[in-house]
1. Putting +1 on Lys and Arg Cβ atoms and -1 on Asp and Glu Cβ atoms, find which of Ser67, Phe34, Val46 reaches farthest to the positive end of the dipole of the stretch 10-69.
2. What whole-number volume per residue, in cubic angstrom, does the convex hull of the C-alpha atoms of the chain give?
3. For labels at His51 and Gln80 in the simple 7 Å Cα→Cβ model, what's the distance in nm?
4. Given the options Ala45, Ala59, Ala94, which has the most mean-square fluctuation in a GNM of the chain, springs set between C-alpha atoms less than 10 angstrom apart?
5. Rounding to the nearest 20 debye, state how big the charge dipole of the chain is about its Cα centre with +1 on each Lys and Arg Cβ and -1 on each Asp and Glu Cβ.
6. Using a 1.4 Å probe on the protein heavy atoms, what percent of the accessible area of the chain belongs to carbon and sulfur?
7. Residues of the stretch 54-85 with the amide nitrogen closer than 13 Å to a label point 7 Å from the Cα of Ser125, along Cα-to-Cβ, please.
8. Take the alpha-carbon centre of the stretch 94-118, take the same for the stretch 25-90, and report the distance between them in whole Å.
Amino acid sequence: MSIALNHTIVWCRDKRKSAGFLTDVLGLSPATRFGPFLVVELANAVSLDYHDTADPIAAQHYAFLLSEAEFDQGFARLRQRDLEYWADPGQRRAGEINRSDGGRGVYFEDPDGHLLEVITRPYGSGGKP
């Protein structure tokens, strides 16, 4: 058996708002309910399972690999929402796009402060899709 990530829990204040934010920005299908979760399904059979909490939320990082066309669409949605974005995870290069490995990428925060990233090439790929 090969081992693959199946899902991860994303802690948030309002799962409808947070899951809706991700699906809207990335152009994904709406989240579906499973028990206490709102589940966002990704193309590689991994899901992000949003769960409300009143406890402190430790910000996490989630990176999404997109096609060039998907990046253009998602980036346009970020700009339409007037969201701040950065070229780096340290959030020092505001308003820039990183061009690592011949692709494009940006970081932005979700409503709970999780640092989301969209990239068109995996890091270390040397420009190969």
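The values are calculated or read from the model by the stated rules, or taken from the named source; none is laboratory data. Note that the coordinates shown come from a computational prediction; the quantities given were computed from them, not determined experimentally. Cβ sites come from the backbone with ideal geometry, for glycine too, and all protein chains shown count toward neighbours. Please note that ligands, DNA and RNA were not included when accessible areas were found on the heavy atoms of the full protein model with its side chains. Shrake-Rupley method; radii C 1.70, N 1.55, O 1.52, S 1.80 Å.
1. So the residue furthest toward the plus end is Phe34.
2. 126 Å³
3. It is 3.3 nm.
4. Of Ala45, Ala59, Ala94, the Gaussian network model singles out Ala45 as fluctuating most.
5. Dipole about the Cα centre, nearest 20: 160 debye.
6. Of the solvent-accessible surface of the chain, carbon and sulfur hold 52 percent.
7. Under 13 Å, as judged by backbone N against the label point of Ser125, lie 64-71 of the stretch 54-85.
8. 11 Å
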